[in-house]
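Scroll down for the structure; my scribbles are underneath it.
The values are calculated or read from the model by the stated rules, or taken from the named source; none is laboratory data. Remember, predicted model here, so these are calculated numbers, not experimental data. Heads up, the Cβs are rebuilt from the backbone with ideal geometry, glycines too, and the neighbour counts pull from every protein chain shown. These accessible areas exclude ligands, DNA and RNA; they are computed on the full protein's heavy atoms, side chains included. Shrake-Rupley method; radii C 1.70, N 1.55, O 1.52, S 1.80 Å.
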Amino acid sequence: MVQGRVQRTIEIADFELPRGAISIADLMAMEQARWEHIRTEINLRRRADPTSPLARCRLCEGGIFIRAQLTAAGTYPVYAHFSGSPLDCPWYDGENLKPDDARAAQYNGHQESALHRWLCQTVEQVAKVDPRCSHSAIDTYLRPSIAERGRWPDVFLEMGALGAFALEIQLSKPFAPEIAARHLHYDREGVSLIWIFRDLASGAGADLPQGFRDVITMQRGNAFVFDADALAASIARNTLILNCYLETERGGYLKPRLVALDDLDTRSERSVFLEDRRTGRLLEYCTNGRAKWWEPFKQADPHKVRYPFNETCFGPAWDSIRAFVPELSEWKRHYREEKLENGEHHFLEIAAILFSIANSARLGRDRLHITRIQGEGALINMLNSKIGSARFGCYAVLAETMLSNTAAHDRLDRDSLRATFEQAKASHAQIEPRHPVWVAAKRLFPEVLDGPLRAELHDLGKLPQWAIGGPTPA
Ligand SMILES: [Zn+2]
């Protein structure tokens, strides 16, 4: 096709499934016997039912045939419109009806919208073959409530027990407000929304335009693509199959997997995914911060050891938090100069107070890591005694925040504890969120103290039970 656009030819023909799209390049690469067979089939169909051609022009959807072009080099196939096709098709191969620049200007938009239409039709077609599909529609929606608001999914499917799906086939990058609006809308309607791309070749990972990344974020690190492999698999398995790209930690993607709608998790609000690639990473970040603490708390239990924080078993715990929050080293030096006390031990005691709150919240009963006292009321007694002391009075706001953001928040209703906190706040300057001890506490308990991370887990419905707090104090 050296002369390509100049001579104008139909570049893509859409055949009835299972053939699907065959580009002019693919056609010309075929052995003569194969395209001759297709040519014959087209003509047979034309003869039997002129209203439903076997192959259509991608741009105008008019019926097309294969013309055998005779040249000095031999015979080769080209596509041509049957008579009766729209004369204004940009790929119209006959008489030149429009100036060329006008055609060129139309061309890109035409091609993209034609590809979009073809994808919608093809996706619907392969889904409809599935016997569970009781209703399908392109660009329309039965419920008037949605039509009124002017929202139509590209493809809508009712798939029996699997539920209803809205499929948005996205060739150009979607815009953030539109993405959010659609997710909220379909969530309210009880419809599972899936965004489908044509490919990820336009950029991988961080290079992908933000609109695509926003969709992948909504889908928890999953990108769904309807490409040639997905189409072939859909035809073979008699149901809609998508190629699913799972995000990796480094921002790339795993080798794609062909998935059916049955494989997808549609239970969670707002997003459909094969595997939640985001939440796991967040939760892992949280537990990593505490990984070195469980062993020393077990070994140096206050029941067994009078003052646990001298024990060497806390070494790795201190090292790990100092690696996460390097400014703790400077703070420790400063603390010794000012208070003539070991800052490391002091920090271990604060950590033990916070772990006592977290574990009591998690277990639903008081469990302390800093004093021998256990059982009913132990957490309140410990906090009254520690936060009420001069050594820990400056941590009242930290302890209060920690309590109110966990399942142990009911302790804040106790008068004695409330009085302790008020008194401490009145008598001691409180450390602020920028303080190294607060930063370290946040790294130990991000679910509780790291606002954005806490909000993200909350939005995803994955905030751990123990970290669900009470009503936000006014
Ligand atoms: Zn056409």
For the range 71-90, give me each residue that is of a type outside the set (G, A, S), modelled with pLDDT under 85 and under 19 Å from R58 (Cβ atoms). P86, L87, D88, P90
Do we have P308 as assigned by TED's automatic domain parsing to the domain that holds V439, open to solvent by 10 Å² or more (accessible area, probe 1.4 Å) and not charged (D, E, K, R) here? no
Search the range 424-448 for residues that are within 23 Å of N384 (Cα to Cα) and pair each with any residue that is part of a helix (DSSP H, G or I) and among the hydroxyl-bearing types (S, T, Y) when their beta-carbon atoms are under 7 Å apart and the residues are at least 6 apart or on different chains. I431/Y395
With (1) open to solvent by 70 Å² or more (accessible area, probe 1.4 Å); (2) modelled with pLDDT under 80 as the list, and R151 as the residue in question, which single condition is left unmet? (1)
Search result, residues across the range 325-348 that are open to solvent by 10 Å² or more (accessible area, probe 1.4 Å) and within 15 Å of P296 (Cα to Cα): E344, H345
Residues that are surrounded by fewer than 21 Cβ atoms within 10 Å (Cβ to Cβ) and outside any helix (DSSP H, G or I), drawn from the range 362-388: G364, R365, R367, T371, R372, I373, Q374, G375, E376, G377, G388
Which residue pairs have Cβ atoms closer than 6 Å, lie 6 or more positions apart in sequence or on different chains, and pair a first residue in the range 53-81 that is open to solvent by 10 Å² or more (accessible area, probe 1.4 Å) and near the ligand (Cβ under 10 Å from one of its atoms) with a second residue that is among the hydroxyl-bearing types (S, T, Y) and not in a loop (DSSP other than H, G, I, E, B)? none
Residue hits (the range 415-449; open to solvent by 70 Å² or more (accessible area, probe 1.4 Å), at pLDDT 95 or above and not in a helix (DSSP H, G or I)) are A429
The correct count of residues that are of a type in the set (A, V, I, L, M) and either surrounded by 20 or more Cβ atoms within 10 Å (Cβ to Cβ) or in contact (Cβ under 8 Å) with a residue 12 or more places away in the chain (or both) in the range 37-52 is 2
Can you find a residue that is open to solvent by less than 80 Å² (accessible area, probe 1.4 Å), at pLDDT 90 or above and either within 12 Å of the ligand (Cβ to nearest atom) or part of a loop (DSSP other than H, G, I, E, B) (or both) anywhere in the range 91-104? no
Suppose the filter is open to solvent by 70 Å² or more (accessible area, probe 1.4 Å), more than 27 Å from L184 (Cβ to Cβ) and at pLDDT below 95; does A300 pass it? no
Restricting the search to the range 25-45, which residues are closer than 21 Å to W91 by Cα and away from the ligand (no atom under 16 Å from the Cβ)? A25, D26, M28, A29, W35, I38, R39, N43
In this structure, does E16 turn out to be closer than 22 Å to L119 by Cα and in contact with a helix residue (DSSP H, G or I) (Cβ under 8 Å, 6 or more places away or on another chain)? no
Give the number of residues within the range 242-262 that are in contact with a helix residue (DSSP H, G or I) (Cβ under 6 Å, 6 or more places away or on another chain) and surrounded by 16 or more Cβ atoms within 10 Å (Cβ to Cβ). 4
In the range 263-280, how many residues are out of contact with any Gly (no Cβ under 7 Å at 6 or more places or on another chain) and loosely packed, with under 13 Cβ neighbours inside 10 Å? 1
Index of the failed condition, G470 passing every other in (1) surrounded by 20 or more Cβ atoms within 10 Å (Cβ to Cβ); (2) modelled with pLDDT under 95: (1)
